[in-house]
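Each reported figure results from applying straightforward, stated rules to the coordinates on display, with no laboratory input. Just so we're clear, the structure is a prediction, and the values are computed from it rather than from any experiment. In this analysis, Cβ positions are derived from the backbone assuming ideal geometry, glycine residues included, and neighbour counts consider all displayed protein chains.
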Amino acid sequence: MSYIKYKKNNLFVENVSVKKLTSKFSTPFYLYSEGSIIENYKSFSNNFKKSKPLICFSVKANSNIQILKVLKKLGSGADVVSGGELLKAIKSGIKPNKIVFSGVGKTEEEIRLAINKNILLINVESENEAILINKIAGKLKKRTSIGVRLNPDINAPTHKKISTGKAEDKFGLSKAGLISFCQNCKKLKNLNLNAISVHIGSQILSEKPFKKTLKVLEEIIKKTKINFKFVDLGGGFGIVYKKNEKKINLKSYSNLVERFRKKYDCNIIFEPGRAIIGNTAILVARVQYLKKGSNKTFAILNAGMNDFMRTALYDAIHNIIPVVKNSKKNKGSLEFVGPICETTCKFVKYNKYQSINQLDYVAIADVGAYGASLSSNYNTKPFIAEVIVSRNEARVIRKKQDIKSLLNQ
Ligand SMILES: *Cc1c(COP(=O)(O)O)cnc(C)c1O
């Protein structure tokens, strides 16, 4: 079911007209569909239901606490990458025994917090990190449950800036490094090595690299001769942003995962972010100015790279759709750009678009993942509001930041 769609020529999120919301909330704002978040979570969970995995939503994809609460109600755990995300996940009601902590640069303070909260796993990314965790755990007199992250050296087809599983990437331990880590870990008496984890990158639209990763895991598990209690297969499942992209089909991968789980008698963890939240939101913005360029028209929006960074950071293409459709044609090509004083503050260019006027409303599509969570105050712009629709109702889940809070620092 599609939760964000046109009825006649008006864009709706569930049963709420976006046009109507533009008179209620000042643009720009993020607009989510709660129904589609629930549907995505259930569909992911269903796909792997034979393996009964623990699904740890990747909080960095979207860290709004109200969204975390929606996911918590569905049974989700959390994959966090900072002390702040850890505290937020707990505050949302997610139990520490459903939280895993990843990241290459955890600080003493973050490690202390994770140990004190008794989270499920601290996923370690280097031997020196394990040594530090062991030391802190000793001081706190708490045996600590860790996982070790493998860098399987797999080249998953995705944007180079979101690949994490190649030898040249900073994440995890190489195969050889991981095997020696497992040996040395025995000397770290305050640690329980309970898991092996992988996460090969993001926005991956093919099953193949995931299947390859399972093979590498098998090879490594055999070599370490460790019966890991948990195998954390990470996230990275892609969504369709462009018309010509094909949805990832996880059926045969899920069968392999189940075979793997039985063979190694382990508990499976997944850390999806984008697959759960990516297509559940739009960013509603207004055309502030139209400006004639020498060979195209610029539609200058009131939303920029500070509000939505993926295009500037990863060259990501996001469709921009009108809030009200018309059947007239725009003359020449049209480029949607933002107000920030950077050339990279631009979104997408169309050779054919409907007729567009100043002060028209548009929506940047599929902005639920790495949208609000990646936004910034660049150019001293306040964070914009986030609104969620559930059936007939829209409620604010983050108020637009008060400009005053930016003026004293
Ligand atoms: C970012 C991240 C994820 C989530 O990736 P998606 O592509 O959003 O599914 C999962 N695990 C780790 C360790 C991550 O860093």
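Nearest 20 debye, what's the magnitude of the dipole of the stretch 35-277 about its Cα centre given +1 on Lys and Arg Cβ and -1 on Asp and Glu Cβ?
Working: 47 positive and 20 negative charges, 130 e Å.
With Lys and Arg at +1 and Asp and Glu at -1, about 620 debye.
Antiparallel versus total DSSP beta bridges in the chain: what percent is that, nearest 5?
Values: 34 of 70 bridges.
Percentage antiparallel, nearest 5: 50.
Scan the stretch 239-291 for trypsin sites (Lys or Arg not before Pro) in coil per DSSP, keeping those whose Cβ has at most 10 other Cβ atoms within 10 Å, and list them by number. Provide the component values of the computation, followed by the final result.
On the way: sites: Lys242, Lys243, Lys246, Lys247, Lys251, Arg259, Arg261, Lys262, Lys263, Arg274, Arg286, Lys291; in loops: Lys242, Lys243, Lys246, Lys247.
Those that pass, being in a loop and sparsely packed, are Lys242, Lys243, Lys246, Lys247.
Can you sort Ile282, Ile317 from fewest to most other Cβ atoms within 10 Å of each residue's own Cβ?
On the way: Ile282 28, Ile317 14.
Taking fewest neighbouring Cβ atoms as first place, the list is Ile317, Ile282.
Restricting to bridges with both residues inside the stretch 292-396, how much of the DSSP beta-bridge set is antiparallel, in percent to the nearest 5?
On the way: 13 of 17 bridges.
If I count the DSSP bridges inside the stretch 292-396, around 75 percent turn out antiparallel.
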(request) Find, among the trypsin sites (Lys or Arg not before Pro) in the stretch 305-354, those assigned to loop by DSSP (not H, G, I, E, B) with at most 10 other beta-carbon atoms within 10 angstrom. (result) Lys328, Lys331, Lys352
(request) Over 21 Å between C-alpha atoms is what I'm after, so list which of Lys349/Lys381; Lys215/Lys246; Lys69/Lys346; Lys141/Lys187; Lys243/Lys400 land there. (result) Lys349/Lys381; Lys215/Lys246; Lys69/Lys346; Lys243/Lys400
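Can you tell me, using C-alpha contacts under 8 Å and at least 6 residues apart, the relative contact order of the chain as a whole percent? Before the final figure, lay out the partial values.
On the way: 891 pairs, mean separation 78.2, N = 409.
Averaging sequence separation for qualifying contacts and normalising by length gives 19 percent for the chain.
Apply the a/c threshold of 1.5 to the C-alpha gyration tensor of the stretch 317-409 and tell me whether it is rounded, prolate or oblate. Don't skip to the end; give the middle numbers.
Values: a/c = 2.24, a/b = 1.40, b/c = 1.59.
Since a/c reaches 1.5 but b/c is at least a/b, the shape of the stretch 317-409 is classed as oblate.
With charges only on Cβ, +1 for K and R and -1 for D and E, what is the dipole size of the chain about its Cα centre, in debye, rounded to 20? Walk me through the numbers on the way to the answer.
Values: 72 positive and 31 negative charges, 176 e Å.
For the chain, the charge dipole is close to 840 debye.
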(message) Quick check on the stretch 134-240: of the DSSP beta bridges with both residues there, what percent are antiparallel, nearest 5%?
(response) 10
(request) Search the structure for amide H atoms under 5 Å from the amide H of Phe57, placed 1.01 Å from N in the peptide plane, and list their residues when 5 or more places away or on another chain. (result) Gly77, Ala78, Asp79
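Once you sort the root eigenvalues of the Cα gyration tensor of the stretch 35-277 as a ≥ b ≥ c, which label holds: rounded (a/c under 1.5), prolate (a/b larger than b/c) or oblate (the other case)? Working shown, then result.
Values: a/c = 1.63, a/b = 1.21, b/c = 1.35.
Oblate, since a/c reaches 1.5 and b/c is not below a/b.
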(message) Could you tell me how far the Cα centroid of the stretch 180-248 sits from the Cα centroid of the stretch 54-111, in Å?
(response) 19
(request) Holding the Cα-Cα limit at 20 Å, pick out from Lys24/Lys88; Lys160/Lys242; Lys325/Lys399; Lys20/Lys399 the pairs that are longer than that. (result) Lys24/Lys88; Lys325/Lys399
